[in-house]
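For reference, the structure is listed below as structure tokens.
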Amino acid sequence: MRQAKTGAFPAPIRGLQTSGVLMNGPPDAAEVLDNFIPTDKGARLRGGTTLFATVDDAVERLMIYRSGAVEQMFATTETTIVDVSSVVDEATAEQPDVIGLTSGDWSFQQWGTAGGQFLVCVNGADYYHYYDGTEWNPIVGVAIFDLAYDALTLPFAVGQTVTGGTSGATATIYSITPATATTGTLRLGTITGGPFADNEAITTSTGAAVANGASAAGSTVTLTGVDGRDLSFVWSHKARLWFIEDGTLNAWYLPTNAFGGSATKFPLTGLFRLGGALMFGGTWTVDSGSGIDDMQVFVTTEGEVAIYQGTDPASASTWAVVGLYRIARPLNKQAWFWAGSDLFIMTEEGIVAISQIMSKDRAQLQASALTTAIEDLWRATIGRRTATSKFPVTVWPSESLFVIGVPSTTGNPTCLVANTRTGAWSRILGWDVRAIRVFNDRLYYGDDAGAIYRADNGGSDAGNEYVGFYVPKFQEYGTPDWKSALHARASWRSDVTAKVRLVAYSNYVANTLPALPAAMTENKSGIWGTSGQKWGSGKKWGAAEPVVAGTDWQSVNAGGYALAPGLVIVSNSDTKPVFEIVSLHQRFEVGTAI
């Protein structure tokens, strides 16, 4: 007589695991974990997305400026920089702050001086720009003059020579700041034969408008020694700004406490052995044995990493190379992030920490990579990338998460998400992340259509339902004999009576969704994610809140030598859902296949 047995699967605290042995994997790991976010207790159903702002082209980057309590977010497209901090109509494209650009792949650095807080930006194609909290200005080899215009009838372009119809004044346009469709300000270089006069016609080879006031002195910040258009990456190290010269093994640095002035070349051609070009640089904080110190890190396209120690790169006595190391090729110049005091680099073979490369070779690094648990998934993802693929990444400290946008080649946009404390992974489906950033402690991403969404917010994806899907690792339950799944039970915590569908899978195949249950559409007031409450702040799971336990037994049907239950839940509500997995159980019989 057959006897029913029950297998237990705790909450998936280990997260998604696509690597390692298939047979009898950890029961608290997941074979599938889609649209759940790993927590310290297991996994919660993610929130939805709500439209926040719109720009006129694909979003390339999201940049943050801070000054005191003020925080602003800028979106870049291939040709513009747009302030999206405060939006009146999220469905209408915002007026750009800067136009006439040729690349949206900006690298940016917050920088403070005695004169205030600044956002400095380079992209390897356009002039070096900075934002001072009020306006954007280019930084070139000469001081900038401002010429306001109105009555625009034909568009101006950067690099053109503008001429005053009455004054005869001429100057080169280095940047264009529109205010409306027909008004704005031209940022000009040295004016010859000027100044420009109020109300005179101003023209270029393609543009025409009327001067709205006489030309006036503007930004006095200059850059000499290097053309700012050649600088593709910027970072700060020990009171200096450092830059990468695009396509070369040259770095450049400025005087201390300055974001302009005379740049000094720091060539690294003789150091790196594999050629290529510098891709990015950064600062790594380390305990050197005599206290905390900041190391300077240079990373090349070929996966060579040079680490320097010291303060003044012009002084051999205070600046020296610590070592030269090898990793797999980095994905792109934005493929890095800080977590704690460590610097992590996204490579073709996984995500590695700078702290590990000094003591491990390239093969050993794979075993200690953040992506070890999902190595197979990572390699498959990298294998599908193209020359233009982006892997935007950001860390959300208050939620203990980092999120990586994965280029979509199949029309099914995906993100990889990990808990920064536990290292547990999951996938998010439906977020088309081309750029991503945390702004005012909320997560935002921009997509290929020019839409910017607040993520993990609300209970639908801009009005569309989304599906949470969880399957734990398959189990043989101590015998290689055939087994038949009979029932499954799910236990969870939620703020509503959740509707789940349970299913069973066999023999390590769990790639099909069952028929979907009805969507969660009801949320109570005063729940997590509303009324100022959020995950990780003050109130936590387990406290006396409106979160209650739920459980459900359902009949399932599957047969094979290895079994696993599955859980499916659908959300389509106005407010952020509260649903956390507690456990799954599977009841089965051992017997011979018929």
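Would you call residue 423 of a type in the set (Gly, Ala, Ser) and touching a residue at least 40 places away in the same chain (Cβ under 8 Å)?
Judged against the criteria, residue 423 is a match.
In segment 68-86, how many residues are buried (at least 16 other Cβ atoms within 10 Å of the Cβ) and not in a loop (DSSP other than H, G, I, E, B)?
8
Being farther than 20 Å from residue 459 by Cα and in contact with a Leu (Cβ under 6 Å, 6 or more places away or on another chain) is the filter; apply it to segment 407-444 and report the residue that is surrounded by the most Cβ atoms within 10 Å (Cβ to Cβ).
By that ranking, first place goes to 425.
When you scan segment 469-492, how many residues do you find that are under 22 Å from residue 43 (Cα atoms) and either crowded, with 21+ Cβ neighbours inside 10 Å or polar (S, T, N, Q) (or both)?
11
Restricting to segment 546-562, count the residues that are in contact with an Asp or Glu (Cβ under 8 Å, 6 or more places away or on another chain) and part of a strand (DSSP E or B). Reasoning before the result, please.
Going residue by residue through segment 546-562, those that are in contact with an Asp or Glu (Cβ under 8 Å, 6 or more places away or on another chain) are 546-548, 561-562.
In the following step, the residues that additionally are part of a strand (DSSP E or B) were identified as 548.
Selection size over segment 546-562: 1.
Among the residues of segment 87-111, what is the count of those that are assigned to a loop (DSSP other than H, G, I, E, B) and farther than 20 Å from residue 333 by Cβ?
Selection size over segment 87-111: 11.
Test residue 504 against the stated conditions and say whether it is at pLDDT 90 or above, within 19 Å of residue 490 (Cβ to Cβ) and either crowded, with 16+ Cβ neighbours inside 10 Å or not assigned by TED's automatic domain parsing to the domain that holds residue 471 (or both).
yes
Run residue 365 past the list (1) touching a residue at least 60 places away in the same chain (Cβ under 8 Å); (2) part of a helix (DSSP H, G or I); (3) buried (at least 20 other Cβ atoms within 10 Å of the Cβ) and report the number of the one that doesn't hold.
(1)
Answer yes or no: is there a residue in segment 106-121 that is within 24 Å of residue 188 (Cα to Cα), of a type in the set (Gly, Ala, Ser) and surrounded by 15 or more Cβ atoms within 10 Å (Cβ to Cβ).
yes
Anything in segment 303-359 that is of a type in the set (S, T, N, Q), touching a residue at least 24 places away in the same chain (Cβ under 8 Å) and outside any loop (DSSP other than H, G, I, E, B)? List them, or say none.
Result: 347, 355.
Quickly run through segment 107-135 and pick out the residues that are of a type in the set (A, V, I, L, M, F, W, C) and within 26 Å of residue 279 (Cα to Cα).
108, 111, 118, 119, 120, 121, 122, 125
May I ask you to verify whether residue 460 is out of contact with any helix residue (DSSP H, G or I) (no Cβ under 8 Å at 6 or more places or on another chain), crowded, with 19+ Cβ neighbours inside 10 Å, at pLDDT 95 or above and among the polar types (S, T, N, Q)?
yes
Do we find a residue being surrounded by fewer than 19 Cβ atoms within 10 Å (Cβ to Cβ) and either touching a Phe, Trp or Tyr at 6+ places or on another chain (Cβ under 7 Å) or β-branched (Val, Ile, Thr) (or both) anywhere in segment 324-331?
Checked against the condition, which is being surrounded by fewer than 19 Cβ atoms within 10 Å (Cβ to Cβ) and either touching a Phe, Trp or Tyr at 6+ places or on another chain (Cβ under 7 Å) or β-branched (Val, Ile, Thr) (or both), segment 324-331 yields no hits at all.
Looking only at segment 104-114, which residues are touching an Asp or Glu at 6+ places or on another chain (Cβ under 8 Å) and not acidic (Asp, Glu)?
Within segment 104-114, 104, 106 qualify.
Out of (1) at pLDDT below 95; (2) surrounded by fewer than 16 Cβ atoms within 10 Å (Cβ to Cβ), the odd one out for residue 555 is which?
(1)
Give me the strands (runs of 3 or more DSSP E) completely within segment 112-210, filtered to those with at least 3 residues that are within 34 Å of the chain's Cα centre (by Cα) and closer than 24 Å to residue 56 by Cβ, ordered by residue number.
Once the strands (runs of 3 or more DSSP E) in segment 112-210 are filtered for at least 3 residues that are within 34 Å of the chain's Cα centre (by Cα) and closer than 24 Å to residue 56 by Cβ, what remains is 116-122, 128-131, 136-139, 170-178, 184-188.
What's the number of the condition residue 63 fails, among (1) more than 19 Å from residue 332 (Cα to Cα); (2) in a strand (DSSP E or B)?
(1)
Report, by residue number, each residue of segment 248-273 that is surrounded by fewer than 15 Cβ atoms within 10 Å (Cβ to Cβ) and either free of Cβ contacts under 8 Å to residues at least 40 places away in the same chain or in contact with a Gly (Cβ under 7 Å, 6 or more places away or on another chain) (or both).
Correct list: 255, 256, 262, 267, 269, 270.
Taking only pairs six or more apart or across chains, which ones have beta-carbon atoms under 8 Å, a first residue in segment 47-59 that is on the phi > 0 side of the Ramachandran plot and surrounded by 20 or more Cβ atoms within 10 Å (Cβ to Cβ), and a second residue that is among the charged types (D, E, K, R) and part of a loop (DSSP other than H, G, I, E, B)?
Pairs found: none.
Taking the criterion of being of a type in the set (Phe, Trp, Tyr) and in contact with a Pro (Cβ under 9 Å, 6 or more places away or on another chain), would at least one residue in segment 143-150 satisfy it?
yes
Of (1) surrounded by fewer than 20 Cβ atoms within 10 Å (Cβ to Cβ); (2) touching a Gly at 6+ places or on another chain (Cβ under 7 Å), residue 466 satisfies all except one. Which?
In the conditions (1) surrounded by fewer than 20 Cβ atoms within 10 Å (Cβ to Cβ); (2) touching a Gly at 6+ places or on another chain (Cβ under 7 Å), residue 466 misses (1) alone.
Looking at residue 167 and the list (1) out of contact with any Phe, Trp or Tyr (no Cβ under 6 Å at 6 or more places or on another chain); (2) free of Cβ contacts under 8 Å to residues at least 40 places away in the same chain; (3) surrounded by 15 or more Cβ atoms within 10 Å (Cβ to Cβ), which single condition is not satisfied?
(1)
Considering only segment 115-135, state which residues are without any contact (Cβ under 8 Å) to a residue 60 or more places away in the chain and within 23 Å of residue 253 (Cβ to Cβ).
Correct list: 115, 116, 117, 119, 129, 132.
Could you please let me know if residue 89 is free of Cβ contacts under 8 Å to residues at least 12 places away in the same chain, over 15 Å from residue 439 (Cβ atoms) and outside the structural domain of residue 509 (by TED's automatic domain parsing)?
yes
Of everything in segment 369-379, what is under 15 Å from residue 415 (Cβ atoms) and not in a loop (DSSP other than H, G, I, E, B)? Give them in sequence order.
374, 377, 378, listed by residue number.
Determine, yes or no, whether residue 30 is closer than 27 Å to residue 390 by Cβ, more than 22 Å from the chain's Cα centre (by Cα) and modelled with pLDDT of 95 or more.
Numbers: closer than 27 Å to residue 390 by Cβ: yes; more than 22 Å from the chain's Cα centre (by Cα): yes; modelled with pLDDT of 95 or more: yes.
The answer is yes for residue 30.
Mind checking which strands (runs of 3 or more DSSP E) fall wholly inside segment 235-288 and carry at least 1 residues that are in contact with a strand residue (DSSP E or B) (Cβ under 8 Å, 6 or more places away or on another chain) and of a type in the set (Asp, Glu)?
Correct list: 240-245, 278-287.
The values are calculated or read from the model by the stated rules, or taken from the named source; none is laboratory data. Small disclaimer: the values here were computed from a predicted structure and weren't measured. Glycine also receives a Cβ, built like all others from the backbone with ideal geometry; neighbour counts cover every protein chain displayed.
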